[in-house]
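Novice: Below is the structure I would like to discuss, written out as structure tokens.
The values are calculated or read from the model by the stated rules, or taken from the named source; none is laboratory data. Quick caveat: nothing in here was measured; it's all calculated off a predicted structure. Note that each Cβ is placed from the backbone with ideal geometry, even for glycine, and that neighbours are counted across all protein chains shown.
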């Protein structure tokens with residue numbers, strides 16, 4: 001019996017995902033090629049490997065209760081000086097991401113955990129690199145825009161080599177994309 005490090009996230013689809021990953025690497029972030037471009041729902045979490053089936057069953061339930069929603073990225077933000085991160089902002093779909101991450105981390109579920117910082121949906125484009133490179137990332141991506149319909153999320157495992165690999169995708173229970181994510185109060189939706 002051993003442990004595995006897992007994470008749950010919404011993948012940024014192509015061509016946006018590869019483009020942001022290349023830019024992240026170009027800013028000098030050595031971890032960029034081992035981390036698929038994403039919006040985190042569950043940060044790196046160590047679990048017993050025997051608990052993986054229970055985690056997958058829980059994520060299936062969360063996905064079944066979820067509904068597709070529009071995602072839009074626009075501009076940059078930073079968590080500095082609190083945390084050495086520059087990110088692309090989630091300007092549409094944030095409420096749905098917040099609802100999803102709460103369901104994933106539900107106290108009655110197999111990956112219940114507290115977060116180090118309050119949840120803030122974002123796409124990291126620079127982490128832990130020199131300040132000048134962080135500033136460059138912040139400035140160069142200030143006009144960045146991307147949008148897509150979010151139709152699910154995925155479970156990832158971090159390998160011994162530090163690379164994150166997708167284990168399984170979890171599509172949402174409905175295929176209808178609502179016209180505006182902002183008009184949906186995700187906080188009032190209950191899981192079945």
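Novice: Here are the criteria: (1) touching a helix residue (DSSP H, G or I) at 6+ places or on another chain (Cβ under 8 Å); (2) at pLDDT below 95. Tell me which single one residue 105 does not satisfy.
Specialist: (1)
Novice: Here is a follow-up. Let me spell it out: the conditions are (1) surrounded by fewer than 16 Cβ atoms within 10 Å (Cβ to Cβ); (2) within 19 Å of residue 119 (Cα to Cα); (3) modelled with pLDDT under 95, and residue 75 meets all of them except one. Which number is the exception?
Specialist: (3)
Novice: Mind checking whether some residue in the stretch 22-32 is over 17 Å from residue 107 (Cα atoms), surrounded by fewer than 21 Cβ atoms within 10 Å (Cβ to Cβ) and within 17 Å of the chain's Cα centre (by Cα)? So that I can check it myself, show each step before the final result.
Specialist: Applying the first criterion (over 17 Å from residue 107 (Cα atoms)) to the stretch 22-32 yields 22-32.
If we keep only those that are surrounded by fewer than 21 Cβ atoms within 10 Å (Cβ to Cβ) too, we end up with 22-23, 25-26, 28, 30-31.
In the following step, the residues that additionally are within 17 Å of the chain's Cα centre (by Cα) were identified as 31.
Within the stretch 22-32 (the criterion being over 17 Å from residue 107 (Cα atoms), surrounded by fewer than 21 Cβ atoms within 10 Å (Cβ to Cβ) and within 17 Å of the chain's Cα centre (by Cα)), the answer is yes, since at least one residue qualifies.
Novice: Here's a follow-up. Would you confirm, using the coordinates I've provided, whether residue 132 is assigned to a helix (DSSP H, G or I), surrounded by fewer than 20 Cβ atoms within 10 Å (Cβ to Cβ) and at negative phi?
Specialist: On the way: assigned to a helix (DSSP H, G or I): yes; surrounded by fewer than 20 Cβ atoms within 10 Å (Cβ to Cβ): yes; at negative phi: yes.
Spelling it out, residue 132 is indeed assigned to a helix (DSSP H, G or I), surrounded by fewer than 20 Cβ atoms within 10 Å (Cβ to Cβ) and at negative phi.
Novice: For residue 143, state whether it is part of a loop (DSSP other than H, G, I, E, B), over 19 Å from residue 57 (Cα atoms), in contact with a helix residue (DSSP H, G or I) (Cβ under 6 Å, 6 or more places away or on another chain) and modelled with pLDDT of 90 or more.
Specialist: Judged against the criteria, residue 143 is not a match.
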